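Novice: This is the structure I want to talk about, given as structure tokens.
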Amino acid sequence: MQKIKVFNTLTGKKETFVPLQGNKVSIYTCGPTVYDSSHLGHARMAIVWDVVQRYLRFAGYDVTFVRNITDVDDKIINKANALGVRPEQVARRYIFEFWRDMAALNVAPPDVEPRATEFLSQMIQFIEGLIAKGHAYAVDGDVYFDEASFENYGRLARKQLDELRSGAREQVLSQDELAKRKRHPADFALWKGVAEGQTGWQSPWGLGRPGWHIECSTMIKAALGETIDIHAGGEDLIFPHHENEIAQSEALHDKPLARYWLHNSFVNVNKEKMAKSLGNFKTIAEMLAVYSGDTIRLMMLQTHYRKPIDFSADALDSARQALTRLVRAAAFSIRPVSTAFAPYEFDAAEAAKFADDEVLAAFHDSFVTAMNNDFNAAEAVAHLFALSDKVMASEDVIRRAAWSDALREYAGLLGLTLADTRQELDAQTASRVMDAVVAIRQDARGRKDFALSDQIRDKLALAGVNVNDTKGGATWEKK
RNA sequence: GGCGGCAUAGCCAAGUGGUAAGGCAAGGGUCUGCAAAACCUUCACCCCCAGUUCAAAUCUGGGUGCCGCCUCCA
């Protein structure tokens, strides 16, 4: 078993990863709120935890990876109201879009993908449990978590409850109604009452909707249990989202929610966080129209996951260029390219063969050493380039193929397909190529070189394209 | 204001005590009708100041600049 070090936000240190039970590893990450298209920031999050999940399986762990879908949310409801459709329709549309984006980025689907709407009764039970233990209180159809009743509040984000007070009070002043209801300004909603006719569910406190944080606590419990190994997400979720999850779950269960808290940094634009609210985002679909999933992934992985990435076309162009070199080297592999949208599995039997080759044994060691150090994919990628150099420089056909196989296998561990698309023409390129051929033929005709122009037309016909000479010039069409 | 983080070549970036991975770009060379690819090759005293140490990009203190969280947010 590999000795993997991970940076734990809870302690602020790198720690040796030890699962709770043997080699079983439970991971939960907060998935998308499906009210709009996903942008590159979401792509980074998905890619980072996809790689972690893949690497842990590679390292021999029996991983259960859970990523939820938040399909109950004010933003979804607002959008549905604006469009005059039902909230489920908004959610469904963006769930499909999210899945499509993930597939294009070769992000393996999670083992379990719970949706908030499937867990309403469990959430209500969870809240009832908190009230019974004196950690929550109901007021006029709302239920709030009583932060003063949970002494560890603020431990993850390193915040003191009294420090929060000043900031929170300003919020509350503008919301008099809330101020009257809450015991402490920083208390957060577990359940929010809504008026008849609005989107909501029946509960002991009347019609209402769950608060944002309770769904994750509830789904973690349902899918993985009361204590999980790894809880991961974007660093902006540390506070208040993850802090509140801890408060809810630990207040109810009296045991740690997660042993390791891992957080990824952002994608920035001009050194500012890419965010919906700032309007500086690029959607995944927009970028996929220009760059391949592999290119986007390589760009993301060349920076360590806890460091911000400044987004730029330059960075993507650079990654595309670099990727081409890996693809060329991987093309010597005789192994099939797998781009199936399926849970990742490392081919251990195949990899065992690599150990007989000293070049590959050394490569394996350096790759694993890099990844064991808090998933340093940037360094691991550097080793891929070193291996691809060896492939390209080798004249031993047998070894070259073996090295290329390994390149593809380990790249796959990082989620890179290295699919060779160098000779796949998109419609636009094909059209330009035809224009070029037709122009050359026109030149030949201009010189009355009919032997050449007829040869071009015949060969194109064999290739499935008819050229038609008209008064306005030559046109072409597929047969 | 409180808390946390970052500062490495033209650009991006890894590296937590022993004298700087990798990618992009650029220059030289081999090959080549030309070009591309490939191969060989060149390119950094690590923001500033002080300190600890035989030894610091790496540790400590101070400074400067930038970012994130404290409100929805990956």
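The values are calculated or read from the model by the stated rules, or taken from the named source; none is laboratory data. Only a predicted model underlies this, so the values are computations on that prediction, with no experimental measurement involved. Virtual Cβ from ideal backbone geometry, glycine too; neighbours counted across all protein chains shown. Side chains are part of the model used for accessible areas, which takes the heavy atoms of the whole protein and leaves out ligands, DNA and RNA. Shrake-Rupley method; radii C 1.70, N 1.55, O 1.52, S 1.80 Å.
Novice: Average projected area of the Cα convex hull of chain A, in nm²?
Specialist: Values: hull surface 118.8 nm².
With the hull built on Cα positions only, its mean projection is 29.7 nm².
Novice: Average the reciprocal distances over every distinct pair of alpha-carbons in segment A:5-269, invert the result, and give the Kirkwood radius in Å. Provide the component values of the computation, followed by the final result.
Specialist: Working: mean 1/r = 0.0517 Å⁻¹.
About 19.3 Å, per the Kirkwood formula over Cα pairs.
Novice: Under a point spin-label approximation (7 Å from Cα along Cα-to-Cβ), what is the A:T324-A:F239 distance to one decimal in nm?
Specialist: Once both label points are built, they end up 4.7 nm from each other.
Novice: Would you pull out the residues with amide H under 5 Å of A:I69's amide H, same chain only if 5 or more places away, H placed 1.01 Å from N?
Specialist: Answer set, sorted by chain and number: A:R115, A:A116.
Novice: I'd like the carbon and sulfur percentage of the solvent accessible area for segment A:427-478, probe radius 1.4 Å, heavy atoms only, ligands and nucleic acids excluded.
Specialist: Values: 1970 of 3630 Å².
Solvent-exposed carbon and sulfur of segment A:427-478 make up 54 percent of the total.
Novice: Karplus couplings for segment A:466-473 from phi (6.51 cos²θ - 1.76 cosθ + 1.60, θ = phi - 60°), rounded to Hz, Gly and Pro as x?
Specialist: After applying 6.51 cos²θ - 1.76 cosθ + 1.60, I find 9, 10, 10, 7, 10, 4, x, x Hz.
Novice: Continuing with this model, one more query. Across segment A:262-272, in residue order, what do the Karplus-derived ³J(HN,Hα) couplings come to in whole Hz, using 6.51 cos²θ - 1.76 cosθ + 1.60 with θ = phi - 60° and x for Gly and Pro?
Specialist: Couplings: 10, 10, 9, 7, 9, 9, 9, 10, 6, 6, 10 Hz.
Novice: Still on this structure, I have one more. I'd like the FRET efficiency for A:D62 and A:T11, computed as 1/(1 + (r/R0)^6) with the beta carbon distance as r and R0 of 30 Å, rounded to 0.05.
Specialist: On the way: r = 25 Å, r/R0 = 0.84.
Efficiency at R0 = 30 Å is approximately 0.75.
Novice: In addition: Once phi is turned into ³J(HN,Hα) by the Karplus curve 6.51 cos²θ - 1.76 cosθ + 1.60 with θ = phi - 60°, what whole-Hz value does each residue of segment A:182-198 show in order, with x for glycine and proline?
Specialist: After applying 6.51 cos²θ - 1.76 cosθ + 1.60, I find 7, 6, 10, x, 8, 4, 10, 7, 8, 9, 10, x, 10, 6, 3, x, 8 Hz.
Novice: Could you calculate the contour length gain from A:I398 to A:E286, that is, 0.36 nm times the residue separation minus the distance between their Cα atoms, to one decimal place in nm?
Specialist: Numbers: separation 112, 0.36 × 112 = 40.32 nm, distance 4.12 nm.
Full extension of this stretch gives 36.2 nm more.
Novice: For segment A:5-269, which whole-number percentage of the solvent-accessible area (1.4 Å probe, protein heavy atoms only) is attributable to carbon and sulfur atoms?
Specialist: Numbers: 5080 of 10710 Å².
On segment A:5-269, the fraction of accessible area on carbon and sulfur atoms equals 47 percent.
Novice: Which Cα, out of A:T283, A:F96, A:G415, lies furthest along the positive dipole direction of chain A (beta carbon charges, K/R +1, D/E -1)?
Specialist: After comparing all options, I get A:T283.
Novice: Looking at the square roots a ≥ b ≥ c of the eigenvalues of the Cα gyration tensor of segment A:427-478, which shape do they give, rounded for a/c under 1.5, prolate if a/b is larger than b/c, or oblate? All intermediate terms of the calculation are to be shown ahead of the outcome.
Specialist: Details: a/c = 1.68, a/b = 1.42, b/c = 1.18.
Prolate, since a/c reaches 1.5 and a/b exceeds b/c.
Novice: Taking square-rooted eigenvalues a ≥ b ≥ c of the alpha carbon gyration tensor, is segment A:313-395 rounded, prolate or oblate, where a/c under 1.5 means rounded and, failing that, a/b exceeding b/c means prolate?
Specialist: On the way: a/c = 1.25, a/b = 1.22, b/c = 1.03.
Cα axes put segment A:313-395 in the rounded bin.
Novice: Now for a different question. Using modelled amide H (1.01 Å from N, peptide plane; none on Pro or chain starts), what sits under 5 Å from the amide H of A:D62, excluding residues fewer than 5 places away?
Specialist: Answer set, sorted by chain and number: A:K24, A:V25.
Novice: Nearest 20 debye, what's the magnitude of the dipole of segment A:427-478 about its Cα centre given +1 on Lys and Arg Cβ and -1 on Asp and Glu Cβ? Display every interim value, and only then the final one.
Specialist: On the way: 9 positive and 7 negative charges, 13 e Å.
With Lys and Arg at +1 and Asp and Glu at -1, about 60 debye.
Novice: If you put +1 on each Lys and Arg Cβ and -1 on each Asp and Glu Cβ, how big is the dipole of chain A around its Cα centre, in Debye rounded to 20? Intermediate values should be presented prior to the final figure.
Specialist: Numbers: 58 positive and 65 negative charges, 197 e Å.
Result for chain A is approximately 940 debye, rounded to the nearest 20.
Novice: When ligands, DNA and RNA are left out and all protein chains stay put, how many square angstrom of accessible area per residue does chain A have with a 1.4 Å probe? Don't skip to the answer; put the middle values down first.
Specialist: Working: 22610 Å² over 479 residues.
Value returned for chain A: 47 Å² of accessible area per residue.
Novice: Ignoring ligands, DNA and RNA, what percent of the accessible area of segment A:382-421 is carbon or sulfur (1.4 Å)? The partial results should precede the final answer.
Specialist: Details: 870 of 1520 Å².
Using a 1.4 Å probe with all protein chains present, segment A:382-421 comes out at 57 percent carbon and sulfur.
Novice: Quick one: work out the % antiparallel among DSSP beta bridges in chain A, nearest 5.
Specialist: Numbers: 24 of 45 bridges.
So the antiparallel bridges in chain A amount to around 55 percent.
Novice: What helices does chain A have that are whole DSSP H segments, at least 20 Å long along their own axis by Cα, and with mean Kyte-Doolittle hydropathy of 0.0 or more?
Specialist: Flagged H segments are A:40-58, A:313-330, A:358-372, A:377-393.
Novice: If I take R0 = 25 Å and measure r between the Cβ atoms of A:E350 and A:R422 in this structure, what FRET efficiency does the formula 1/(1 + (r/R0)^6) give, to the nearest 0.05?
Specialist: On the way: r = 25 Å, r/R0 = 1.00.
Once rounded, the FRET efficiency stands at 0.50.
Novice: Projected onto the charge dipole of segment A:5-269 (+1 at Lys/Arg Cβ, -1 at Asp/Glu Cβ, origin at the Cα centre), which of A:A43, A:M123, A:P210 gives the Cα projection farthest towards the positive end?
Specialist: A:A43
Novice: How much of the DSSP beta bridge set in segment A:5-269 is antiparallel, as a percent to the nearest 5?
Specialist: Details: 15 of 33 bridges.
Just about 45 percent of them are antiparallel.
Novice: Here is a follow-up. Would you mind getting me the FRET efficiency between A:W99 and A:A439? Use the beta-carbon distance for r and R0 = 51 Å, nearest 0.05. Could the numbers behind the result be given before it?
Specialist: Numbers: r = 43 Å, r/R0 = 0.84.
In this case the efficiency is close to 0.75.
Novice: Additional query: Scan around A:F7 for amide H atoms under 5 Å from its own, H built in the peptide plane at 1.01 Å from N, and keep only partners 5 or more places away or cross-chain.
Specialist: Residues meeting the criterion, in which the H sits 1.01 Å from N, are A:E15.
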